[in-house]
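**Student:** One structure, as structure tokens, below. Some questions next.
The values are calculated or read from the model by the stated rules, or taken from the named source; none is laboratory data. Please read these numbers as outputs of a predicted model, since none were measured by experiment. Every residue, glycine as well, gets a Cβ built from its backbone with ideal geometry; the counts of neighbours run over all protein chains shown.
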Amino acid sequence: MSIIKHNLPTEETQIEIIENDLLLPEYGEAMLYHDAGRFGYVKIGVKDNNGWQDESFRVEELPERLKYLPKHRDSYLTQSEFKGPQKAVSNFLRTQVNFSDCDIYKIPLYQGREPEELRDIFLLFCADNGIPTPSLIVFSGQGLYPKWLFDYPIPYAALIKWRAIQQELLVRLTPLGADPGAIDVSRVLRIENTVNTKTGKFAKVLWVNEDHGKVARWDFDMLADEVLPHTKAELIEMRKKRAEAKKKHGIISSYDSEVLRQELEQANRHIRELSSEGLALARLKDLEIIADARFGPMGVPQGERDKYIFYASIFIAQFIKNPLQFYPELRAMHQKLTPSLPWNEIQSSTSTAYRKMLDAFAGKKVEYKGRMIDPRYKLKNQTIIEQLQITPGIERKCITIYGREERKRRQQRQKERARREQGVPERKVYILKRHEELQANIEKARGLRAEGKKVKDIALEMDKSAKTIESYLYQR
């Protein structure tokens, strides 16, 4: 039975649609970043005397669900949209908002303040510390949900940058009680006009950043430039400096200069974080591509299932921010890749990856070739290609799992695209153009010769050497 629709639309259960001048759409602020005209799934969760219940449904149903959602229960909504009912990273489809959950009421200095006072404190803190102004601020019944809306939703490909923004906002808003457990893409936040039973207060929009009569929105890349420590251009420059330093001094571990080592580590911290997470997410996506290419809609067959789910567990362990996310993410991949494999077998085959992940979160290291490194599995592409029997044709479909020959092919294509952008034509086009120019020159030279002009005069007129003109005249 639906956790929402069994509540009939009576005067007692229907949310009061508050008339306001805060530029909000009907049924609340959620419709600012959830477009009912898009495909996708969201999830509403409620908590009452019966415990926690949640339900996934299509985005197009959200306005109706919000309209009849009881306001007397703790109610939550996913901020992102997903390809299927499971709210897992591997199912992520799009999002149109960055957010934070600031438990500002836990800070002794701000305890006992009214919501409007907390709002003003937050905005002043942002202004004083160079934090971009949010599009709106929601009062959760205790704390604040600042939200930065985008002009357009971002897809899976931009998820790594989105996560980096979330992490940086967490760091910069820590003095205001930012919750480190509320930054993931599958996070649910309280729904406007529903009660927070801990305080008896209702969640509500406290403030909206107005821009020409509309809610102010950010260009996603501009927001990233404002929030993240370095812009893309700066990252490229740092990569260049790192390469020069390595060429001059050798590998980082052998630097004699501690200052240089620290500078390089600081400069490349952000790059390493993005690349490791990005690689894991891309490989997880590739695993779906490979399974679909090899086995089609029938799914991974018996004899291959353990291998695929084990690799999925390795990649999941590398990108999650909280150990509690491991099994929900694994269940989502289980439904996609190996639905016929019993869950207890999956837990058994992935137990080592799970244990290594827990060790990593506990800060443990293992020794490898004289260095202390992260204990989680690290796989080379060639190993994955051999184990999963990936053909060159499948490699072409993958995002990041491909071998040396496919890498060369992609690099060549990148060079060709760069040449096209610079205005350099394709070789066959260039040869054809040169041939046409040659024929035109031959015809012109012969025409001038037919008029009785001398070779040296033709050469002067056509800005060519006399020898070239002779080749035009006598070429068959």
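**Student:** Is there a residue in the range 138-150 that is surrounded by 15 or more Cβ atoms within 10 Å (Cβ to Cβ), closer than 22 Å to residue 91 by Cα and either among the aliphatic types (A, V, I, L, M) or in contact with a Gly (Cβ under 6 Å, 6 or more places away or on another chain) (or both)?
**Tutor:** Filtering the range 138-150 down to residues surrounded by 15 or more Cβ atoms within 10 Å (Cβ to Cβ) leaves 138-150.
Add one more test, that the residue is closer than 22 Å to residue 91 by Cα, and what stays is 149-150.
When the remaining residues are screened for being either among the aliphatic types (A, V, I, L, M) or in contact with a Gly (Cβ under 6 Å, 6 or more places away or on another chain) (or both), the result is 149.
Checking the range 138-150: at least one residue is surrounded by 15 or more Cβ atoms within 10 Å (Cβ to Cβ), closer than 22 Å to residue 91 by Cα and either among the aliphatic types (A, V, I, L, M) or in contact with a Gly (Cβ under 6 Å, 6 or more places away or on another chain) (or both).
**Student:** Moving on. Quick check on residue 385: is it closer than 30 Å to residue 321 by Cα and not small (Gly, Ala, Ser)?
**Tutor:** Values: closer than 30 Å to residue 321 by Cα: yes; not small (Gly, Ala, Ser): yes.
So residue 385 fits the description; yes.
**Student:** If you don't mind, there's one more thing I want to ask. Among the residues of the range 416-433, is there at least one that is closer than 19 Å to residue 289 by Cβ and not small (Gly, Ala, Ser)? Walk me through how you get there before you give the answer.
**Tutor:** Going residue by residue through the range 416-433, those that are closer than 19 Å to residue 289 by Cβ are none.
Taking every residue of the range 416-433 in turn, none turns out to be closer than 19 Å to residue 289 by Cβ and not small (Gly, Ala, Ser).
**Student:** Please go through the range 137-154 and pick out each residue that is at negative phi and touching a Ser or Thr at 6+ places or on another chain (Cβ under 9 Å). Step through it out loud before you land on a result.
**Tutor:** Narrowing the range 137-154 to residues at negative phi: 137-140, 142-154.
Across the range 137-154, the qualifying residues are 142, 144, 145, 146, 147, 148, 149, 150, 153, 154.
Residues checked against (1) out of contact with any Cys (no Cβ under 9 Å at 6 or more places or on another chain); (2) surrounded by fewer than 18 Cβ atoms within 10 Å (Cβ to Cβ); (3) among the aromatic types (Phe, Trp, Tyr):
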residue: 39; (1), (2), (3): yes, yes, yes
residue: 47; (1), (2), (3): yes, yes, no
residue: 76; (1), (2), (3): yes, no, yes
residue: 81; (1), (2), (3): yes, no, no
residue: 91; (1), (2), (3): yes, no, no
residue: 95; (1), (2), (3): yes, no, no
residue: 102; (1), (2), (3): yes, no, no
residue: 114; (1), (2), (3): yes, yes, no
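**Student:** Enumerate the helices (runs of 4 or more DSSP H) found wholly within the range 325-393, keeping only those where 2 or more residues are under 20 Å from residue 279 (Cα atoms) and small (Gly, Ala, Ser). Please lay out each step first, then the result.
**Tutor:** Details: elements: 326-337, 343-349, 351-361, 381-387.
In the range 325-393, 351-361 are the helices (runs of 4 or more DSSP H) which contain 2 or more residues that are under 20 Å from residue 279 (Cα atoms) and small (Gly, Ala, Ser).
**Student:** Would you say residue 310 is under 30 Å from residue 166 (Cα atoms), under 19 Å from the mean Cα position of the chain (by Cα) and either surrounded by fewer than 20 Cβ atoms within 10 Å (Cβ to Cβ) or without any contact (Cβ under 8 Å) to a residue 60 or more places away in the chain (or both)? Working first, answer last.
**Tutor:** On the way: under 30 Å from residue 166 (Cα atoms): yes; under 19 Å from the mean Cα position of the chain (by Cα): no; either surrounded by fewer than 20 Cβ atoms within 10 Å (Cβ to Cβ) or without any contact (Cβ under 8 Å) to a residue 60 or more places away in the chain (or both): yes.
The answer is no for residue 310.
**Student:** Can I ask one more? Taking the range 268-283 as the search range and keeping residues that are of a type in the set (D, E, K, R) and within 14 Å of residue 165 (Cα to Cα), which one is modelled with the lowest pLDDT? Full working, then the answer.
**Tutor:** Looking only at the range 268-283, we keep the residues that are of a type in the set (D, E, K, R), and these are 269, 272-273, 277, 283.
Narrowing further to those that are within 14 Å of residue 165 (Cα to Cα): 273, 277.
Details: 273: 46, 277: 79.
Per the criteria, the residue is 273.
**Student:** I'm told residue 400 meets every condition in (1) over 24 Å from residue 295 (Cβ atoms); (2) not assigned by TED's automatic domain parsing to the domain that holds residue 292 except one. Can you identify the failing condition by its number?
**Tutor:** The failed condition is (1).
**Student:** Restricting to the range 294-308, and then to whatever is assigned to a helix (DSSP H, G or I) and in contact with a Leu (Cβ under 6 Å, 6 or more places away or on another chain), can you tell me which residue is nearest to residue 395 (Cα to Cα)?
**Tutor:** Quick first cut of the range 294-308, residues assigned to a helix (DSSP H, G or I) only: 294-298, 305-308.
The next check asks that each one be in contact with a Leu (Cβ under 6 Å, 6 or more places away or on another chain); those that pass are 305, 308.
Working: 305: 20, 308: 16 Å.
The qualifying residue nearest to residue 395 (Cα to Cα) is 308.
**Student:** With the requirement that a residue be among the basic types (Lys, Arg) and either at pLDDT 95 or above or under 30 Å from the mean Cα position of the chain (by Cα) (or both), what does the range 48-87 give you? If you could, list the steps in order and put the result at the bottom.
**Tutor:** First, pick out the residues of the range 48-87 that are among the basic types (Lys, Arg): 58, 65, 67, 71, 73, 83, 87.
Scanning the range 48-87 gives 58, 65, 83, 87.
**Student:** Run residue 145 past the list (1) under 20 Å from residue 218 (Cα atoms); (2) over 27 Å from the mean Cα position of the chain (by Cα) and report the number of the one that doesn't hold.
**Tutor:** (2)
**Student:** Given the condition surrounded by 11 or more Cβ atoms within 10 Å (Cβ to Cβ) and in contact with a helix residue (DSSP H, G or I) (Cβ under 7 Å, 6 or more places away or on another chain), answer yes or no: does some residue in the range 429-441 qualify?
**Tutor:** yes
**Student:** Criterion first (touching a residue at least 12 places away in the same chain (Cβ under 8 Å), in a helix (DSSP H, G or I) and surrounded by 13 or more Cβ atoms within 10 Å (Cβ to Cβ)) does residue 402 satisfy it? If you could, list the steps in order and put the result at the bottom.
**Tutor:** On the way: touching a residue at least 12 places away in the same chain (Cβ under 8 Å): yes; in a helix (DSSP H, G or I): no; surrounded by 13 or more Cβ atoms within 10 Å (Cβ to Cβ): yes.
For residue 402, the condition - touching a residue at least 12 places away in the same chain (Cβ under 8 Å), in a helix (DSSP H, G or I) and surrounded by 13 or more Cβ atoms within 10 Å (Cβ to Cβ) - is not met.
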